[in-house]
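Following: one structure in structure tokens, then a few remarks.
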Amino acid sequence: MDMKEIKKDFPILDQSIRGHRLVYLDSAATTQKPKIVIEAIQRYYETMNANIHRGVYHLSEISTLAYEETRKKVAAFLGAKDARSIVFTRNATEAINLVAQSWGGKHVGEGDEILLTEMEHHSNIVPWQLLAQKKGAILKYVSVQSNGTLDLNSIDSLISERTKIFAFTHVSNVLGTMNPVKALVEKAHERGVLVLVDGAQGAAHLPVDVSDLGCDFYAFSAHKMLGPTGVGGLYGKLDLLEEMPPMLGGGEMILEVHKEYSTWKSSPEKFEAGTPNIADVIAFSKAIDYLKKITMEVVHQHEKELTQYALARLMELEDFTLYGLKDAQHRAGVISFNYANIHPHDLGTLLDHQGIAIRTGHHCAQLLMRTLQVPATARVSFYIYNTKEDVDAFMLALIKAKEYFNRGTRSAR
Ligand SMILES: Cc1ncc(COP(=O)(O)O)c(C=O)c1O
């Protein structure tokens with residue numbers, strides 16, 4: 001597959017920003033959308049729009065069918081054996097909150113422990129803090145070593161009789177570290193501990209087979225994998241989902257409503273109260289088609305090559321600080337760094353003036369920033385539409401930013 005051709009499928013990338021070709025290097029925040037996804041949203045509203053699961057007329061039937069077909073497609077894409085184990089949510093954040101509130105609300109009590117890691121996105125910390133505060137539970141954290149990997153040797157001693165769940169990210173959105181999910185699941189399960197994997201950066205960039213990984217829950221966001229915003233999902237083992245109470249009550253999730261109580265449907269309907277984001281779920285199926293055509297193996301390989309190429313050039317720079325593994329073989333396509341004493345926000349602005357979009361700040365990972373002992377970093381992240389030319393443009397812009405910054409600080413003296 002000619003990866004250079006891929007860019008043409010993304011209309012947004014065919015534009016200039018401040019007189020420069022747009023180079024988008026912030027796909028870990030959200031990915032751009034291929035034309036087929038954008039067109040699917042428009043087609044839905046022009047030809048199919050109707051509420052699902054409730055109409056007996058044609059439009060409602062075809063919308064329902066397309067919505068449920070997407071569920072089957074997502075299940076197959078993630079290796080889930082049964083489509084009923086995929087619950088659509090607004091995003092990965094909501095999926096994690098669903099597990100914390102519903103499963104955690106039922107199974108976590110006073111003095112119980114929840115194991116997290118220091119490299120988690122706030123989305124995989126705050127929901128557990130809310131649960132722990134409500135229940136009097138205790139949070140423990142696996143620490144991050146100086147090379148950007150988890151201290152795996154500490155896990156045995158961090159798990160106790162009271163540990164109920166181990167929630168960790170598949171791939172760090174700051175360091176690009178890919179965690180050994182299968183081995184961690186085995187370790188946790190040996191001790192009777194359930195596992196939630198935050199797959200926001202995993203499902204988008206790596207081949208994922210939840211059945212093979214053995215995890216109990218896997219959360220993901222469509223917008224990070226070429227799909228629309230406002231759609232995400234939770235894979236959960238069916239027996240766990242079946243015994244979990246709903247998080248939200250309302251229409252479509254009930255079997256019967258009485259004055260004092262209601263009964264509800266089984267999974268996934270039980271967790272999808274109210275009218276869902278029908279158009280965007282249906283358009284998400286086009287994103288999955290697109291990724292499947294390329295294959296996740298090629299997606300990962302492409303990002304690895306770009307990361308290797310970028311890292312080799314970055315490491316030659318003076319005053320360059322890399323966070324995380326130096327070895328591109330073992331990291332995903334995310335590079336966090338600081339450069340030449342330029343504050344990341346200033347660097348981001350200087351690069352933006354050259355058409356380069358990067359992310360700066362704490363990346364919703366303040367615990368990790370404290371471990372790294374920095375308030376913020378600059379971050380570039382790659383996806384299938386990025387090329388070596390993008391890396392070259394970024395490198396050139398970086399060097400110019402330093403020159404510009406040095407000129408500015410010299411004249412200020
Ligand atoms: C590792 C990780 N987890 C969770 C999230 C939250 O994703 P969302 O905002 O789509 O819920 C992100 C978003 O950047 C992420 O990188």
Residue in the stretch 381-388 that is crowded, with 20+ Cβ neighbours inside 10 Å and modelled with pLDDT under 95 present: no
Residue within the stretch 3-19 that is more than 16 Å from the ligand (Cβ to nearest atom), free of Cβ contacts under 8 Å to residues at least 24 places away in the same chain and within 24 Å of the chain's Cα centre (by Cα) present: yes
The stretch 281-301 - residue that is basic (Lys, Arg) and out of contact with any Phe, Trp or Tyr (no Cβ under 8 Å at 6 or more places or on another chain) and, of those, surrounded by the most Cβ atoms within 10 Å (Cβ to Cβ): Lys286
Within the stretch 78-183, strands (runs of 3 or more DSSP E) holding 1 or more residues that are within 30 Å of Gly274 (Cβ to Cβ): 86-89, 113-117, 163-169
Test: residue in the stretch 65-77 that is of a type in the set (A, V, I, L, M, F, W, C), surrounded by 15 or more Cβ atoms within 10 Å (Cβ to Cβ) and within 16 Å of the ligand (Cβ to nearest atom): yes
Within the stretch 86-118, tally of residues that are under 21 Å from Val142 (Cα atoms) and surrounded by 22 or more Cβ atoms within 10 Å (Cβ to Cβ): 10
Count of residues meeting criterion [without any contact (Cβ under 8 Å) to a residue 40 or more places away in the chain, closer than 26 Å to Gly19 by Cβ and more than 16 Å from the ligand (Cβ to nearest atom)] in the stretch 352-395: 2
Any hit, the stretch 379-386, residues being under 25 Å from Ala200 (Cα atoms) and in contact with a Phe, Trp or Tyr (Cβ under 7 Å, 6 or more places away or on another chain): yes
Number of the exception - Thr30 against (1) buried (at least 22 other Cβ atoms within 10 Å of the Cβ); (2) within 16 Å of the ligand (Cβ to nearest atom): (1)
Test result for Arg43, surrounded by 19 or more Cβ atoms within 10 Å (Cβ to Cβ) and in a helix (DSSP H, G or I): no
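The values are calculated or read from the model by the stated rules, or taken from the named source; none is laboratory data. Every value quoted in this text rests on a predicted model; they were computed, and no experiment measured them. No Cβ is skipped: glycine too gets one built from the backbone with ideal geometry, and neighbour counts run over all protein chains shown.
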